[in-house]
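Here, each number is a calculation from the coordinates, and none is a lab measurement. Fair warning: this is a prediction, and the values are worked out from it, not measured in the lab. Please note: Cβ atoms are built from the backbone with ideal geometry, for glycine as well, and neighbour counts cover all protein chains shown.
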Amino acid sequence: MAVGDGDDRWRVDQETTLGAAAVRLAVTLFLRGLLIGAFLSAPASGQIFRWLAFGDSITVGWSDDINPSGGYPGRLENDLGCTPSTCKVVEKGSSGETTAEGVTRIRQVLNNSGPDPYDVALIMEGTNDIFQPNNIGSVSIPTIMFNLNQMATKAEKAGTEAVLASIIWLHPGGQRGTSRDQLVEDLRDRIRSSTRNNSRLFADPWSRLCPEGPDQHGHSQYACFWNHDHYWLNGGQPDIVGHPNSSGFRMIADEFFALIDSTPVPGLAIPTTPSGMIDDATPILTWTKESPALASWYQVRVTGPGGTYFQTWVKASEVCSGSICSTEVSSSLDDDSYAWQVMSRNVRGRSSWSSPQSFTLGAPAFFADGFESGDTSEWSSTVQ
């Protein structure tokens with residue numbers, strides 16, 4: 001297009017310029033796509049699904065007369081059908097521990113979980129707060145609850161789902177008799193209420209070992225204690241706490257298994273935005289829940305040619321509204337091409353990673369007339 005006859009004028013060959021720019025952009029995106037594709041095709045983390053059994057001597061399995069190292073965690077692992085390559089229940093109990101001590105210790109346990117967090121923490125503590133030795137008065141229920149919620153919050157901050165459990169009754173023939181059973185029941189009710197208010201799951205060994213009505217074997221409460229509780233300490237003294245025997249540990253494992261196995265492993269969530277060209281260096285990742293919606297947690301990650309740029313676990317109740325969930329990338333991304341994915345998780349297991357959703361940050365800008373901004377190398381002059 002001549003701008004003026006008889007003068008030297010710059011003429012831009014629009015077709016040539018646009019064609020060259022389009023080719024360069026296509027090649028760039030293609031090569032970046034190959035790099036991202038190569039990264040995503042690599043095997044996902046080999047981390048097996050892990051439940052953390054956190055508590056006191058009852059979690060340790062003290063007084064298990066059949067399998068001293070098993071307690072309820074070993075039996076639960078068998079119930080869940082774990083193999084070394086699929087899942088594990090990791091026993092991290094500490095005999096004699098109070099909830100105040102558990103608040104400190106759980107941080108250390110979570111920090112030493114390895115490259116990936118535990119998936120679920122099964123927290124059962126409070127027995128040593130109520131059944132203090134030497135006739136020391138019980139720790140108050142509000143204090144115990146504060147400590148339990150502190151443990152749960154620390155687990156969640158580490159990307160681990162927290163399940164809180166009631167503690168079991170005291171053996172009526174023990175040193176404390178039934179004098180503190182009302183405290184045990186009050187604590188159970190407070191734990192159950194707290195889990196409802198904080199979108200957590202509640203396991204209830206209290207209702208299984210030993211309930212006021214018949215237990216799962218048809219025993220009365222009195223018969224249940226004598227059949228499923230360890231009674232005598234070494235030296236023939238009545239047990240202060242009322243530790244289970246092997247059949248009692250079997251019943252606690254049944255309670256945790258019933259909770260875990262009641263929900264199927266969630267399916268794939270669907271990433272929606274961002275996609276295509278974007279200009280936000282800290283984009284908000286938005287996805288649609290799996291159907292049926294079974295996940296309680298989601299993991300999201302952003303990957304690119306250089307590896308993983310962002311990865312985190314988020315609690316569904318905190319990032320989802322209806323069927324839509326979202327979270328923001330916490331650190332700025334550089335101009336490049338990326339892909340992001342989402343994984344669903346609940347207490348039973350994890351889904352695989354979703355299909356990747358690709359986006360490019362900082363795509364070349366164009367003038368309104370279609371020319372690539374700032375690049376005049378493709379311009380040509382024609383003397384008319």
Item to complete: Using a/c under 1.5 as the rounded threshold, could you call region 49-164 rounded, prolate or oblate? The axes a ≥ b ≥ c are square roots of the C-alpha gyration tensor eigenvalues, and prolate needs a/b larger than b/c, oblate otherwise.
Response: oblate
Practice prompt. Specify the inter-centroid distance of region 265-329 and region 68-137, based on alpha-carbon positions, in whole Å.
Written response: 30 Å
Worksheet item: To the nearest 0.05, how large is the calculated FRET efficiency for THR312 and ARG107 if R₀ is 22 Å and r is the Cβ-Cβ distance?
Response: 0.70
Fill in: Computed lengthening from MET277 to SER321, 0.36 nm per intervening residue step minus Cα-Cα distance
13.2 nm
Worksheet entry | Calculated FRET efficiency for the pair TRP226/LYS157, C-beta based, R₀ 45 Å, to 0.05 | 0.60
Worksheet entry | Length released on extending from SER352 to ASP186, taking residue separation times 0.36 nm less the Cα-Cα span | 55.7 nm
Practice prompt. Indicate, rounded to the nearest 5 percent, the antiparallel portion of the DSSP beta bridges found entirely in region 265-361.
Written response: 90 percent
